């Protein structure tokens with residue numbers, strides 16, 4: 001049996017854990033709130049760091065709330081904390097990363113834009129087991145009920161439960177996983193079955209009959225091709241949906257269920273609006289453009305001379321189609337960001353938007369952007385540590401942080417979406 005430690009919790013750190021100390025060693029404890037005294041069982045340890053999880057709260061914080069569901073389901077590390085306090089803790093995590101990693105302690109507090117806690121999620125991946133469909137419990141291969149998390153809409157949970165019951169038993173062995181996507185208003189809903197045994201594609205229509213999907217598709221391992229079973233394979237939002245106070249905007253954001261897209265239906269408009277507010281005129285270079293969320297929105301608002309770079313085959317197909325929905329031309333380039341920048345030796349005028357994967361910008365990309373003397377950089381990030389690292393590198397290269405915003409794309413989780421505007 002692992003030992004149980006008596007701890008006084010100090011402050012939040014990235015990853016949804018809290019910092020404490022015991023016997024001169026750092027303890028990263030989950031399930032706690034700063035200021036609490038807790039008893040936590042050791043999960044694992046290395047030479048310098050102990051990882052532990054709360055088993056008893058000796059002195060609870062006033063912001064602790066009762067948890068009636070499995071907080072390890074769906075990434076809910078902050079579920080036990082009142083929502084306003086969650087946002088405060090995320091502000092502290094951002095500030096700590098900017099001070100320690102970016103050496104930018106002069107920026108003040110970065111407020112985190114709130115989201116409704118329930119029904120916010122319009123993209124999800126579900127796994128299949130003998131009991132049906134579910135999320136994976138954190139750090140395990142054990143399924144848990146997505147309905148317990150509250151992240152999906154009630155109607156979505158109902159439909160997924162129907163599909164899950166049909167897959168339960170022996171059928172589940174035919175499916176690797178399922179991807180689900182909805183539009184912002186939840187009027188359209190597409191499901192894709194990633195099949196282990198493609199010859200069973202005929203069963204897909206049986207599993208989804210009477211389930212109110214606007215589109216049903218299937219795919220197979222190692223292939224980027226999507227096969228349509230019924231309905232329309234793409235989810236579509238109009239650009240006007242992203243700017244409800246602006247009338248008569250042209251353009252649509254259509255995406256395949258397997259394409260990456262921001263998951264929070266309530267905050268996507270705020271994020272897009274914030275990015276566009278940092279871009280006054282063209283030319284614009286949109287790197288890691290995805291399906292064209294930012295590029296198409298900017299073109300709809302009247303920005304000219306946009307180049308959108310995306311390597312992923314599935315996302316780029318959507319990007320190319322979306323670029324045709326706006327009157328202003330968007331040049332789509334299908335290659336890696338590194339290769340694109342390396343092939344251009346000239347100074348890049350205007351604004352560069354970067355929305356890289358969780359690993360952040362590679363050293364090569366960052367150095368090439370600096371060498372090209374980019375005037376303005378709009379940086380969208382889903383990871384606090386790599387965001388702070390890259391912002392620090394830009395500061396060392398002579399860039400000034402002109403604004404930072406944060407969005408709570410996944411409430412009750414440790415996730416934070418960040419946006420920075422950097423200028424020379």
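The values are calculated or read from the model by the stated rules, or taken from the named source; none is laboratory data. If you're wondering where the values come from, they're calculated on a predicted model, not measured in any experiment. Reconstructed Cβ throughout: ideal geometry from the backbone, glycine too, with neighbour counts over all protein chains shown.
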Suppose we keep only residues that are in a helix (DSSP H, G or I) and in contact with a helix residue (DSSP H, G or I) (Cβ under 8 Å, 6 or more places away or on another chain) within region 376-424. Which one would you say is surrounded by the most Cβ atoms within 10 Å (Cβ to Cβ)? 387
Matching option when the condition is farther than 20 Å from residue 255 by Cβ and surrounded by 14 or more Cβ atoms within 10 Å (Cβ to Cβ), among 167, 126: 167
Take the residues in region 302-317 that are assigned to a loop (DSSP other than H, G, I, E, B) and over 19 Å from the mean Cα position of the chain (by Cα); name whichever of them is surrounded by the most Cβ atoms within 10 Å (Cβ to Cβ). 303
Enumeration of residues in region 318-362 that are under 29 Å from residue 226 (Cβ atoms), free of Cβ contacts under 8 Å to residues at least 40 places away in the same chain and in a helix (DSSP H, G or I): 319, 320, 323, 338, 339
If a residue has to be in contact with a strand residue (DSSP E or B) (Cβ under 9 Å, 6 or more places away or on another chain) and either crowded, with 22+ Cβ neighbours inside 10 Å or without any contact (Cβ under 8 Å) to a residue 60 or more places away in the chain (or both) to count, how many in region 59-70 make the cut? 6
Could you list, in sequence order, all residues of region 96-112 that are closer than 16 Å to residue 405 by Cα and buried (at least 17 other Cβ atoms within 10 Å of the Cβ)? 96, 97, 98, 102, 104, 110, 112
For region 1-20, give me each residue that is over 18 Å from residue 61 (Cβ atoms) and free of Cβ contacts under 8 Å to residues at least 24 places away in the same chain. 1
Is it true that some residue in region 24-44 is assigned to a loop (DSSP other than H, G, I, E, B), within 23 Å of residue 146 (Cα to Cα) and free of Cβ contacts under 8 Å to residues at least 40 places away in the same chain? no
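Residues are listed down the side, and each one gets a yes or a no for (1) modelled with pLDDT under 95; (2) assigned to a strand (DSSP E or B); (3) under 23 Å from residue 169 (Cβ atoms); (4) not assigned by TED's automatic domain parsing to the domain that holds residue 384:
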{"position": "90", "(1), (2), (3), (4)": "no, no, no, yes"}
{"position": "94", "(1), (2), (3), (4)": "no, no, no, yes"}
{"position": "99", "(1), (2), (3), (4)": "yes, no, no, yes"}
{"position": "105", "(1), (2), (3), (4)": "yes, no, no, yes"}
{"position": "108", "(1), (2), (3), (4)": "yes, no, no, yes"}
{"position": "116", "(1), (2), (3), (4)": "no, no, no, yes"}
{"position": "133", "(1), (2), (3), (4)": "yes, yes, yes, yes"}
{"position": "136", "(1), (2), (3), (4)": "yes, yes, yes, yes"}
{"position": "141", "(1), (2), (3), (4)": "yes, no, yes, yes"}
Which count do you get for residues in region 168-178 that are modelled with pLDDT of 90 or more and assigned to a helix (DSSP H, G or I)? 0
Qualifying residue in region 286-301 (condition: over 30 Å from residue 207 (Cβ atoms), assigned by TED's automatic domain parsing to the domain that holds residue 410 and part of a strand (DSSP E or B)): yes
Could you tell me whether region 271-281 includes any residue that is assigned to a strand (DSSP E or B), at pLDDT 95 or above and in contact with a strand residue (DSSP E or B) (Cβ under 7 Å, 6 or more places away or on another chain)? no
